[in-house]
1. Do we find that VAL90 is under 28 Å from GLY261 (Cβ atoms), touching a Lys or Arg at 6+ places or on another chain (Cβ under 8 Å), assigned to a helix (DSSP H, G or I) and within 14 Å of ligand 2 (Cβ to nearest atom) in this structure?
2. Any chance region 271-281 includes a residue that's within 15 Å of ligand 1 (Cβ to nearest atom), buried (at least 23 other Cβ atoms within 10 Å of the Cβ) and within 28 Å of SER14 (Cβ to Cβ)?
3. Anything in region 63-89 that is of a type outside the set (Ser, Thr, Tyr) and more than 28 Å from PHE177 (Cα to Cα)? List them, or say none.
4. Looking at ALA292, ALA305 in this structure, which one is touching a residue at least 40 places away in the same chain (Cβ under 8 Å) and on the phi < 0 side of the Ramachandran plot?
5. Would you mind stating whether LEU59 is touching a strand residue (DSSP E or B) at 6+ places or on another chain (Cβ under 6 Å) and farther than 24 Å from ALA250 by Cα?
6. Does GLY218 satisfy the condition of being near ligand 2 (Cβ under 10 Å from one of its atoms) and at pLDDT below 95?
7. Considering region 252-295 alone, what residues qualify as being modelled with pLDDT under 95, hydrophobic (A, V, I, L, M, F, W, C) and closer than 24 Å to PRO222 by Cβ?
8. Residues GLY194, GLY209: which one is away from ligand 1 (no atom under 16 Å from the Cβ), surrounded by fewer than 19 Cβ atoms within 10 Å (Cβ to Cβ) and over 25 Å from GLU19 (Cβ atoms)?
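The values are calculated or read from the model by the stated rules, or taken from the named source; none is laboratory data. These numbers were taken from a predicted model, which means no experiment stands behind them. When we count neighbours, we look across all protein chains shown, and the Cβ atoms used for this are built from the backbone with ideal geometry, even at glycine.
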Amino acid sequence: MKILVTGGAGYIGSHTLVELLRAGHQVVVFDNLSNSSVVALERVAKISVGGITFFKGDLCSPADLHQVFSQHAIDAVIHFAGLKAVGESVEKPLLYYLNNVAGTANLCQTMVEAGVRMLVFSSSATVYGDPRSLPLREDAPTGATNPYGRTKLFIEEMLRDLAGSDAAWRIAILRYFNPIGAHPSGLIGENPRGIPNNLFPFITQVAIGQRPSLSVFGNDYPTVDGTGVRDYIHVVDLARGHVCALERLATYAGVLTINLGTGQGYSVLQMIQAFRHVSGRDIPYQIVARRAGDIASCYADPSLARQELGWQAEYGLEEMCRDGWNWQRHNPKGYVESN
Ligand code: NAD
Ligand code: UFG
């Protein structure tokens, strides 16, 4: 199939391109490069067979969307493009609603006009808010705690309304848990701009000496050692999940909402320990106050993904740390654009 990948130059998108090309699909990337680099696409090309077509465009521009759909006979869309920084979304909620929600509405409108009705959407475990019980099944109550999370919830609802309006839609809503790590080649990986918001890229930057130490946000949660517990998932496993979802949509009409996680939670201190073991580097840290809005624990019940998609995570924490560290060591400054 010919797949339009919005946000394809980004972290999860670039890894998904590799898996799509491996599965024999053709890919067209639509990205405004607001949080990514074309170097990622050049690197994907190095580890893949098959070409990537790149269209620099913005979801907020219906003209850009029309142009890409008129230039290419798209069969399905995988929609990664969006802004994802929780703190920034609190400061600039309208930016998030315009870019993520309105941008997705523009995309869907263009899909309707182009007669394309197959969509895989990047949602997040953040839609579960503060979980009442664990592990999280897809039918658990939702309720996001910040504007970013609400953009995911609103888009999910919009997509369900769309499917309700026209039975031709086939939509997979994938709720990711915590993607980390990198492609084992070390050629593509996460490339945060500025100070990382998330735990894993912060740890790798401490390990490489770019930051002196890690702040652990609270050790008084009701968890194994008091630090926050999350379901970390190798980005390559996550990427494979998208190919499985596309295949499933070939025979599924309506909306399929699925967790992509491992089902296993690890605490911050367990993560530090695993990373030290794999990298041989010390990770100095200090315990500081809890981060506002954080929850104690979050991990998936991944059984629906197994049943519906025939997918399950294959990599464990050690491989996540190994591949993430390999990427950081070989690309200490991330993607460097030559011009
Ligand atoms: P990323 O920032 O690396 O990738 C997103 C891409 O979208 C970037 O390349 C960016 O340039 C592009 N983009 C943003 N706004 C755009 C617009 N208006 N038009 C065109 N392109 C635009 O992020 P990622 O980690 O790869 O995340 C991909 C998706 O998965 C996002 O929707 C994110 O919310 C979701 N998600 C990510 C995580 C995570 O922890 N990384 C967890 C759950 C869900
Ligand atoms: N943490 C620290 N120090 C840091 C960063 C994080 O101790 O410098 C802790 C957090 O308190 C939490 C754990 O590490 O206990 C994981 O934090 P992340 O920021 O890496 O991940 P979150 O689970 O808070 O959130 C991430 C994304 C959300 C997304 C969610 C689920 O930021 O947007 O995963 O996919 F919704």
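1. So VAL90 fails the test.
2. yes
3. Within region 63-89, ALA63, ASP64, LEU65, HIS66, GLN67, VAL68, PHE69, GLN71, HIS72, ALA73, ILE74 meet the criteria.
4. ALA305
5. Taking the combined requirement at face value, the residue does not satisfy it.
6. no
7. ALA292
8. Step by step, each of GLY194, GLY209 is checked, and only GLY209 is away from ligand 1 (no atom under 16 Å from the Cβ), surrounded by fewer than 19 Cβ atoms within 10 Å (Cβ to Cβ) and over 25 Å from GLU19 (Cβ atoms).
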